[in-house]
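The values are calculated or read from the model by the stated rules, or taken from the named source; none is laboratory data. Just so it is clear, the structure is predicted and the values come from calculations on it, not from any experiment. Note that each Cβ is placed from the backbone with ideal geometry, even for glycine, and that neighbours are counted across all protein chains shown. All accessible areas refer to the heavy atoms of the entire protein, side chains included, with ligands and DNA or RNA removed. Shrake-Rupley method; radii C 1.70, N 1.55, O 1.52, S 1.80 Å.
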Amino acid sequence: FQQRNFDQGIADCDMAIELDPTLSQSHVNRSLCYLGQEKFEMVLADCTTAIGLNPTGLQAYMLRGIACSRLGQQDKAIADFTEAFRIDPDYAQAYYSRGVAYQELGDQVKADADFAKAKELGYEEPEP
């Protein structure tokens, strides 16, 4: 993933899924590759499968939320980010990401509340 060889990553994950389709992390890993390729519908499919296999898989909710957000589905993104911090109440990235989704919807009050909570939990906004 770090070398940005997404096609090879997808092929590796395909092989892992073929060997054991019940391993949720293989679906999550493949969704990371699809995210890198901006294939957001594929991210949604893999993350939904991963969540079905492991309903407490934090990373699958975050990645699906990011894909929903990129597809303009802010309400669905908010639901996934909310589920992520239900799983881990101290996961600052989930609050920040939900704040961005609220901001996209024009709800600055909720966005500011989530940004404040993310900061309280130690999240530092990325440099532009």
* **residue 115 vs. criteria modelled with pLDDT under 95, crowded, with 17+ Cβ neighbours inside 10 Å and more than 21 Å from residue 29 (Cβ to Cβ)** => no
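Please specify each residue of segment 21-34 satisfying the condition of being among the hydroxyl-bearing types (Ser, Thr, Tyr), closer than 22 Å to residue 66 by Cβ and either in contact (Cβ under 8 Å) with a residue 24 or more places away in the chain or exposed (fewer than 15 other Cβ atoms within 10 Å of the Cβ) (or both). Steps first, please.
Residues of segment 21-34 that are among the hydroxyl-bearing types (Ser, Thr, Tyr), as a first pass: 22, 24, 26, 31, 34.
Pick out the ones that are also closer than 22 Å to residue 66 by Cβ and you get 24, 26, 31, 34.
Selection gives 24, 31, 34.
Does residue 18 satisfy being closer than 19 Å to residue 100 by Cβ and open to solvent by 50 Å² or more (accessible area, probe 1.4 Å)?
Numbers: closer than 19 Å to residue 100 by Cβ: no; open to solvent by 50 Å² or more (accessible area, probe 1.4 Å): yes.
No.
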* Within segment 69-86, can one find any residue that is modelled with pLDDT under 95 and either closer than 19 Å to residue 7 by Cβ or surrounded by 21 or more Cβ atoms within 10 Å (Cβ to Cβ) (or both)? -> yes
* To do: List every residue pair whose Cβ atoms sit under 6 Å apart, with the two residues 6 or more apart in sequence or on different chains, where the first one lies in segment 96-111 and is surrounded by fewer than 19 Cβ atoms within 10 Å (Cβ to Cβ) and the second, anywhere, is among the hydrophobic types (A, V, I, L, M, F, W, C).
  => 103/111
* Structure fact -> (1) modelled with pLDDT of 95 or more; (2) open to solvent by less than 60 Å² (accessible area, probe 1.4 Å); (3) within 15 Å of the chain's Cα centre (by Cα) all hold for residue 56 apart from (2)
